[in-house]
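See structure below.
The values are calculated or read from the model by the stated rules, or taken from the named source; none is laboratory data. This structure is a prediction, so every number in the text was calculated from the model and none was measured. Quick reminder, even Gly has a Cβ in these numbers, built from the backbone with ideal geometry, and neighbours come from all protein chains shown. Accessible surface areas use protein heavy atoms only, side chains included; no ligands, DNA or RNA. Shrake-Rupley method; radii C 1.70, N 1.55, O 1.52, S 1.80 Å.
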There are 2 protein chains.
Amino acid sequence: MEKIVIVEDDVFLREELQNILEKEGYSVECISSFDNSLEDIVSASPSLVVLDLNLPKLSGFDICRGLKAKGMGPILVLTSRNRLRDELHALNLGADDYLTKPFHPKRLIARIQKLLHLYANMQVLLDAGDFQLDEKINVLYVGKNSIPLSENEGIIMKALVKASPSVVKKEELFNLLWGSSDYVDENILQVNMTRLRKSLDKVELSNRIKTVRGIGYQLIRGD
Amino acid sequence: MEKIVIVEDDVFLREELQNILEKEGYSVECISSFDNSLEDIVSASPSLVVLDLNLPKLSGFDICRGLKAKGMGPILVLTSRNRLRDELHALNLGADDYLTKPFHPKRLIARIQKLLHLYANMQVLLDAGDFQLDEKINVLYVGKNSIPLSENEGIIMKALVKASPSVVKKEELFNLLWGSSDYVDENILQVNMTRLRKSLDKVELSNRIKTVRGIGYQLIRGD
DNA sequence: TTAACACTTACAGTTGTTGTAAGGTTTGTA
DNA sequence: TACAAACCTTACAACAACTGTAAGTGTTAA
């Protein structure tokens with residue numbers, strides 16, 4: 001379940017927000033003490049933060065900037081002010097969307113879903129130094145070229161990239177591909193490795209996968 | 001071809017950058033007069049901006065903030081300073097990546113490609129009010145659910161969403177699907193509409209596509 | 001040299017997508 | 001109401017992509 005943190009000092013609005021979001025199936029956590037709100041929010045590691053700009057101690061702007069500096073995900077800013085200046089300011093500080101009070105619950109939900117989807121889409125580019133792998137659609141980008149990988153090829157490649165330059169054990173690949181390590185036929189993994197290498201050959205990357213005899217496979221960095 | 005704008009006052013570095021990027025196949029435009037650099041950059045409408053932080057008139061920070069406020073795409077910040085504070089500041093102002101001089105050309109290229117890919121991936125979520133369509137992988141998001149669409153279903157849905165609430169002419173759909181309007185069989189479009197509706201039915205959205213007798217089809221907004 | 005390990009290729013089953021064909025349903029008008 | 005045009009639905013077959021099986025070939029290290 002996706003967790004959302006609400007940063008809001010007004011009790012009524014806070015509880016209303018919590019209601020709306022929990023009804024929608026989100027796990028909600030509220031920040032009401034604003035002494036060390038930044039740490040509280042980060043340690044909750046939510047999928048999204050709903051942040052009011054008008055807060056007692058820290059200004060919402062500061063929290064926004066602080067959160068983004070710590071690599072926090074999507075932030076939806078809430079405010080009663082209706083000034084373009086504030087909106088631009090917040091967006092520049094890293095807020096991802098902006099909603100003016102009063103707002104319709106459906107609009108809030110829609111914005112939140114949009115942000116969550118957007119962020120889910122963003123973090124799919126796995127970096128391997130001189131090439132990137134789109135985890136979502138299994139497309140490998142090398143320079144200006146790109147090649148599509150099949151599902152199995154993608155699973156293997158993801159494991160190799162994430163582990164690189166360590167070795168990925170055969171057993172782990174069996175687990176990832178067929179959900180079990182009590183495999184019957186060792187050959188099927190070799191077949192899939194051959195297929196992956198043949199695909200990588202199209203972008204002259206096949207020699208980057210090394211076999212570690214008796215153990216598994218390894219992606220060599222080529223940065 | 002993707003266009004990159006370079007904002008750099010040092011002549012030597014500027015020309016080196018231009019060289020590197022053009023060799024890589026990008027179309028490069030340099031900003032050397034910094035009187036109204038913001039307007040110059042925006043009017044060039046580049047795919048990416050390489051921005052030096054140390055500039056004569058405006059500070060790089062100001063340009064960065066200004067560009068992001070105008071909805072500019074990816075910004076890669078370049079600097080000789082090696083201070084965390086600057087980096088955080090720039091990233092908070094909207095810069096998407098950060099490179100310290102001196103840098104290796106390959107690293108610069110890699111970062112640029114990464115940013116371009118990331119942004120290319122970001123703008124795939126087509127908004128239709130109460131649901132979203134991922135143009136890239138043809139997945140439709142409704143609330144917490146999602147359904148995959150086939151290639152043809154995706155093409156039709158994209159056209160409907162983009163045109164909504166206007167009517168999409170049958171002829172246009174024929175063009176999008178089969179690249180020609182001198183179609184032989186009218187039925188094949190109906191079959192594909194049926195299939196799309198059946199898919200949409202899984203998320204109770206099929207009644208949103210209305211038939212406009214003799215003309216085409218229409219997506220009704222449900223916001 | 002040899003046995004374990006790894007690689008390659010061809011084949012067939014499965015699945016998803018698409019166009020064709022045939023027949024049924026709806027709609028507007030006379 | 002009758003009817004024809006427009007639209008809808010379903011079943012079928014062709015096709016392509018992906019995957020596992022099987023059989024044979026190549027490589028490595030003791």
Legend entry - Some residue of region A:43-58 being among the small types (Gly, Ala, Ser), touching a residue at least 60 places away in the same chain (Cβ under 8 Å) and either in contact with a Pro (Cβ under 9 Å, 6 or more places away or on another chain) or in a strand (DSSP E or B) (or both): yes
Legend entry - Entirely in region A:147-223, the strands (runs of 3 or more DSSP E) that have 3 or more residues that are away from DNA strand D (no atom under 13 Å from the Cβ): A:167-169, A:216-219
Legend entry - Options A:VAL42, A:VAL7, A:VAL11: the member that is open to solvent by less than 30 Å² (accessible area, probe 1.4 Å) and assigned by TED's automatic domain parsing to the domain that holds A:ILE75: A:VAL7
